[in-house]
1. State all residues of the range 235-254 that are of a type in the set (D, E, K, R) and out of contact with any helix residue (DSSP H, G or I) (no Cβ under 7 Å at 6 or more places or on another chain); if no residue qualifies, say none.
2. From the residues in the range 188-198 that are modelled with pLDDT under 85 and surrounded by 12 or more Cβ atoms within 10 Å (Cβ to Cβ), which one is nearest to Glu246 (Cα to Cα)?
3. Restricting to the range 424-443, and then to whatever is over 16 Å from the mean Cα position of the chain (by Cα) and buried (at least 16 other Cβ atoms within 10 Å of the Cβ), can you tell me which residue is nearest to Ile500 (Cα to Cα)?
4. Restricting to the range 333-350, name every residue that is under 21 Å from Phe317 (Cα atoms) and either free of Cβ contacts under 8 Å to residues at least 24 places away in the same chain or of a type in the set (Asp, Glu) (or both).
5. Take the residues in the range 129-141 that are modelled with pLDDT of 80 or more and not charged (D, E, K, R), then tell me which one is farthest from Ala161 (Cα to Cα).
6. Within the range 362-374, can you find the residues that are free of Cβ contacts under 8 Å to residues at least 40 places away in the same chain and within 24 Å of Phe317 (Cα to Cα)?
7. Do you know which of the residues in the range 84-113 that are modelled with pLDDT of 85 or more and not aliphatic (A, V, I, L, M) is surrounded by the fewest Cβ atoms within 10 Å (Cβ to Cβ)?
8. In the range 472-500, how many are charged (D, E, K, R) and either modelled with pLDDT of 85 or more or assigned to a strand (DSSP E or B) (or both)?
Amino acid sequence: MVDNTLQDVTQGCLAAEIKVFINFKQRSGLAYTSSIIVLNAFNKFCVAKENQSLSPQQLAFAWCKLGEGKPRYNDNCSVRQLGQYLTEIGHPKAFIVLSAKGNAPIPIGVNTGPFAVEIKEFIEYKRQSGKKYISAEHSLKNFDIFCSMKKNISLTSQELANAWCGQAKEEKNNDISAVREFGLFLTLHGSMKSFMIPYANGKMPKPPFVGYNSLFAEGIESFIRLKKSAGLNYKSEVSRLKAFDEFCNEHANLTPQQLADTFLNCQNGRSNEKRKRSNTVIKALGSYLTKSGYLNSFNIVDKNYIVGPYAKEIEIFVEFKRTCGHKYHSSSYHLRGFDIFCASEENKRLTPQQLADKWVLKREGENANSRAGRVGPIRVFGKYLMSIGHPDAFAIANDIAPGTAPKPPYLFSEDDIETFFTACVELEPDEKDPAIQIVLPTAFLFMFCMGVRTCELKILMGNVNFFTGEILIDDSKTGDRIIYMSEELSKFLLNYNSTIEHIFPCRKYLFPASVSRSRNDFAMHFRRIWAASVPTNEHGMPRLYDFRHHLLYRNVELYIQNGGDVNTLRPYIMKHMGHKLPDSFQYYFHLSPPIRKEVSKIKNNLDWMIPNVPKVPYE
């Protein structure tokens with residue numbers, strides 16, 4: 001790239017020096033594009049016939065002097081830096097260009113100060129790990145220049161670091177972190193110039209991670225490679241694996257199973273969320289080590305079992321619900337929580353009805369929907385107990401713990417959609433998420449065209465056929481189903497796939513990212529892009545889920561406008577969207593004015609859709 005941009009710098013008294021200077025700048029990670037144009041122009045100015053007899057200093061003066069029709073390139077900044085560079089390396093063709101205010105140029109940090117060699121090594125080490133490290137390099141060079149000042153020559157390395165920190169705090173800049181990291185680098189490499197800078201809370205920085213070295217080291221590295229090859233960043237999980245590896249080194253006398261159990265027991269003092277995450281990661285690691293045949297492996301038993309007075313009844317009830325086609329995951333979790341609640345020491349003496357009454361009480365910081373989700377399954381379970389005549393049955397009234405009313409669907413206008421997807425196309429790549437500008441627009445377009453649920457965007461690669469347009473939506477709310485893409489969308493996704501494979505060659509999901517692909521992740525990015533691009537209106541802020549609503553009501557609206565009978569279209573849309581009950585289909589139109597009247601006719605003719613089922617003694 002450098003040779004192409006410097007094709008004009010081939011002759012002249014400063015041609016070679018300009019090439020060396022540009023290479024120096026580009027090694028620091030700068031594109032330096034506009035400055036190359038300026039320096040090319042300066043070189044042409046130097047080789048002009050009338051200037052060939054001038055010295056470098058005279059050429060610089062003549063260049064900076066404005067003439068009629070002569071452009072002023074970048075306030076002479078690039079030529080000034082070239083002169084400063086030549087001056088700092090002691091070049092015989094050095095010259096000086098003063099600033100517009102007559103000030104001497106600021107040193108650019110070339111072979112200056114007592115840490116010049118070490119800083120260069122440190123920056124190269126950082127860039128080998130894929131970091132640009134541009135602003136930090138500037139801070140370190142300023143630190144080196146600070147150390148070379150006459151007033152600081154007699155200070156030791158630690159005294160220089162302390163003095164620099166004092167100046168940085170006084171001037172309220174952020175240069176301390178780079179110098180702190182540099183000092184730690186010198187300390188770890190046993191340099192005679194090493195120093196340590198504490199954090200603001202007084203704690204000293206910890207040594208950087210240099211690799212796993214416990215008895216699980218090989219397995220952990222292989223496990224992480226597998227996760228990242230599937231397109232997962234796995235960043236927070238890696239931090240837990242590092243802590244586990246460190247813990248294993250400190251307790252080398254324990255067996256692999258004891259190490260895993262003891263480590264998880266030590267997490268009990270942490271928050272519930274952090275404890276859950278640690279348990280999930282270590283459990284997944286243990287399962288991977290066992291399946292892969294590692295000698296050092298372990299197995300984490302699921303401790304989420306039923307222990308209370310309703311253990312047997314809950315097990316039967318949950319199994320019945322699942323045989324009826326319900327997943328019953330979250331409800332099962334709440335039932336187990338209720339059983340543990342009943343078995344707790346403080347609740348053992350309460351009657352079944354007192355237990356239910358205490359369970360429904362609002363907890364501190366709990367919102368209405370969370371409370372409704374926790375109480376609902378227990379209410380239905382209580383009805384089940386009453387229906388079978390269980391001696392410990394209880395009742396919870398239907399009007400206790402109601403959830404908040406669902407947010408009305410957002411009706412998109414054509415302008416809304418065009419503005420939003422235009423903003424998606426203009427997304428920039430992110431260092432932490434290298435494919436964000438590719439994945440997000442495609443995922444949102446897929447949601448817009450196919451009307452899937454937000455949680456159903458987590459599509460496995462093995463479930464996609466780009467040539468037939470078939471996609472298997474598994475692990476869905478209402479069971480597995482196959483949806484079909486249009487030919488145009490299939491071709492678009494095929495092109496997308498060939499592009500994204502270069503970034504995530506062995507990915508697990510159709511829409512990978514640097515973080516686990518979840519409904520919250522997609523929804524968060526949708527809100528951010530929408531808020532930044534689409535003007536607010538009286539309808540408020542839409543949700544990503546509203547694309548699903550839009551697909552359904554828009555198709556029905558077009559079908560009606562073309563003279564079709566909605567009853568004919570309804571079974572196909574229900575099949576595509578995964579609706580099992582007609583009420584689910586009807587729900588999407590309760591706030592869609594353009595077609596509310598027409599679609600209301602459907603409700604009068606739904607009996608044929610409902611199969612005959614045995615009567616159950618509870619709701």
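The values are calculated or read from the model by the stated rules, or taken from the named source; none is laboratory data. Computed from a prediction, not measured in an experiment: that's the story for all the values here. Note: ideal-geometry Cβ built from the backbone for every residue, glycine included; neighbour counts use all protein chains shown.
1. Pass one, the range 235-254, residues of a type in the set (D, E, K, R): 235, 237, 240, 242, 245-246, 250.
Matches in the range 235-254: Lys235, Lys242, Glu246, Glu250.
2. So in the range 188-198, the residues modelled with pLDDT under 85 come out as 188-190.
Narrowing further to those that are surrounded by 12 or more Cβ atoms within 10 Å (Cβ to Cβ): 188-189.
Numbers: Leu188: 18, His189: 21 Å.
Among those residues, the one meeting the criterion is Leu188.
3. Kept after step one, since they are over 16 Å from the mean Cα position of the chain (by Cα), are these residues of the range 424-443: 424-426, 442.
After this cut, where a residue has to be buried (at least 16 other Cβ atoms within 10 Å of the Cβ) as well, the list is 424, 442.
On the way: Cys424: 16, Thr442: 11 Å.
Taking the candidates together, the pick is Thr442.
4. Once the filter is applied, which keeps residues that are under 21 Å from Phe317 (Cα atoms) and either free of Cβ contacts under 8 Å to residues at least 24 places away in the same chain or of a type in the set (Asp, Glu) (or both), the range 333-350 yields only Asp339.
5. Ranking the candidates gives Ala136 first.
6. Taking the range 362-374 first, the residues free of Cβ contacts under 8 Å to residues at least 40 places away in the same chain are 362-372.
Of everything in the range 362-374, those that are free of Cβ contacts under 8 Å to residues at least 40 places away in the same chain and within 24 Å of Phe317 (Cα to Cα) turn out to be Asn369, Ser370, Arg371, Ala372.
7. Looking at the filtered set, the residue picked out is Pro92.
8. Of the residues in the range 472-500, the ones charged (D, E, K, R) are 474-475, 477, 480-481, 487-488, 491.
Right, trim to either modelled with pLDDT of 85 or more or assigned to a strand (DSSP E or B) (or both) and you get 481, 487-488, 491.
Qualifying residue count for the region: 4.
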